[in-house]
Structure formats: C-alpha cells, structure tokens
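Asks: So that we are looking at the same thing, I have put the structure below in structure tokens.
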Amino acid sequence: MDKVSLSKLANDYRNAGKIEESIKAFKEYIAVCEKEGDIRGEASGWHMAAIALSLGITSEKDPYFADALTYIEKAVLLYKGDRVMQAVLLRDKGILYTRAGKYVEANDFYIQSIGKFIDIGNYDQEAISHDKLGLLFLIEGQLDEAEREIRIALELLSNTAAWFYKGTAYLDLARVFCKKKSYAYVLKFANKSLQVFLMHYADEPHPRRLAEIYMLMQIANTELANTYLSKLDTVARGVVEQDIQALQK
C-alpha cells in the first residue's frame, strides 16, 4: 500500500477510535517513509501516532502514555530545525500530560509552546495553544482563567481564515459558560460555533463537533437544540445522533 493510502487508513482508524489498528497503519506508513528517505513524512507519522495513542490515555500509568511520549520524542528529533513543529510538539506533550492527569506539567508545556509561537509570530498556532490551556483550566475548575485563555485564542484568530480552530474555540467557550451555568452565553457561543461548521464545512460537517454543540444547546434550551437537530439533512442527522449517543455513554 502506498503512503497516501496508509496515511488515510491510519487516520480513518484513529477517527473511528480504533487505536491499535491506527498505530499499526501509522507504523507501516513510517516504514515506507523511512525506506524512501522521507524524513518529514516519518516525523509526521510518529507525531500522528502519538496523537492517536492520546485518545486512549486515562492516567499516567497507562502504557499508551509512555508510548506516546516516546513517539513524540522521535518526531522531535526528526523535525530538528523546524521551529513551528518543535513548538507544536511541545503543545502536544501538554495534551498527553493533560490526558494523563498531570496538570502542572501540562500547563508548563502549553506555556512553553505559547512563548515559542510568539517568538515565531505564528498567531494561529499560538491561538490553539491558548485554547488548549483554557481547556486545562476548565478541567481544573478555574473557569475565569479558562474563559480568559479561550477569548485570547479567539482574538488571535479574529483576522484569520482558520475556521476549524475558530469554530472549536467558540465551542470550548460555550463549554466554559455551561460550567458557569450562564446559559444565554452557552447558546450564543454554541450558535457561533455551529454557524462556522455549517458554513465552512458543508462537505465535511465534523459530526462529533455538531454533536457536542447539540448537547450544550440541549442543556441550555432543549427546544432550540431539537429545532437545530431537525434542520440537519437526514444523513448528517443520523451521523450526529450516533455521536450524541456515544458522548452520552
């Protein structure tokens, strides 16, 4: 199988939550890249394999955690000299430590990545790191700090076309206001997120995001949430409803 097909297969498995199958496909992809001398492809493979493993991490004792850190370090070595990817990998270490419940270390990695992106002048990536830091604060129950970081992310994204990140940040801000029980703001930012995903990703609707939006709307206003769901076309509604059921388990 060629690199493109292996990469797609690995990502499809990851998106379906089939972690072991995803890692197997990523390692086959990496082997092809190594044989062809494609260093960046190899680096990307280890990076994406670490992200796939992160989906299964539940604590620092989880074997996926140690393996994911090993994969990240392989990517760090292969991306030597690439300042943007080095900063991205710092952030992704933060994600791994967040999932492992090691919040102090996660905070440190997010802060480091923000500093690197400021030095580089990459506002989109800086915004993503602020958003991830905001989600960490949300997990810790520091709601004002969470709101601050996600608003910083949205401000950084205000003049860019990074619609996926913008839609995600709106959704994350709605999550914060849900914890604050400020339901008018939940509806406001959930709707902003919804408009981004429906307007800019009509051909790729991101059903998991739409399902999360629905669940937040349902908490704030059940009638409005059901109206939103009924307006989706039959295929999209079916996929979203499947993800809603998965999220509710």
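The values are calculated or read from the model by the stated rules, or taken from the named source; none is laboratory data. These numbers were taken from a predicted model, which means no experiment stands behind them. Glycine also receives a Cβ, built like all others from the backbone with ideal geometry; neighbour counts cover every protein chain displayed.
Asks: Quick check: is even one residue across the stretch 75-86 under 17 Å from Gly134 (Cβ atoms) and either at pLDDT 95 or above or surrounded by 15 or more Cβ atoms within 10 Å (Cβ to Cβ) (or both)?
Replies: no
Asks: List the pairs whose first member sits in the stretch 165-182 and is touching a residue at least 24 places away in the same chain (Cβ under 8 Å) and within 11 Å of Ala153 (Cα to Cα), whose second member is in a loop (DSSP other than H, G, I, E, B) and of a type outside the set (D, E, K, R), and whose Cβ atoms are under 6 Å apart, counting only residues at least 6 apart or on separate chains?
Replies: Note: no pairs meet the criteria.
Asks: Right, another one. What number of residues within the stretch 23-63 satisfy the criterion of being surrounded by 15 or more Cβ atoms within 10 Å (Cβ to Cβ) and either hydrophobic (A, V, I, L, M, F, W, C) or at pLDDT below 95 (or both)?
Replies: Residues flagged as surrounded by 15 or more Cβ atoms within 10 Å (Cβ to Cβ) and either hydrophobic (A, V, I, L, M, F, W, C) or at pLDDT below 95 (or both) within the stretch 23-63 amount to 19.
Asks: Residues that are of a type in the set (Gly, Ala, Ser), buried (at least 16 other Cβ atoms within 10 Å of the Cβ) and modelled with pLDDT under 70, at least 1 per element: which helices (runs of 4 or more DSSP H) completely within the stretch 146-249 meet that?
Replies: In the stretch 146-249, 222-231, 234-248 are the helices (runs of 4 or more DSSP H) which contain 1 or more residues that are of a type in the set (Gly, Ala, Ser), buried (at least 16 other Cβ atoms within 10 Å of the Cβ) and modelled with pLDDT under 70.
Asks: Among (1) surrounded by 13 or more Cβ atoms within 10 Å (Cβ to Cβ); (2) modelled with pLDDT of 95 or more, there is one condition Lys18 misses while meeting the rest; what is its number?
Replies: Result: Lys18 fails condition (2) only.
Asks: Of the numbered conditions (1) surrounded by fewer than 16 Cβ atoms within 10 Å (Cβ to Cβ); (2) at negative phi, Gly121 fails exactly one; give the number of that condition.
Replies: (2)
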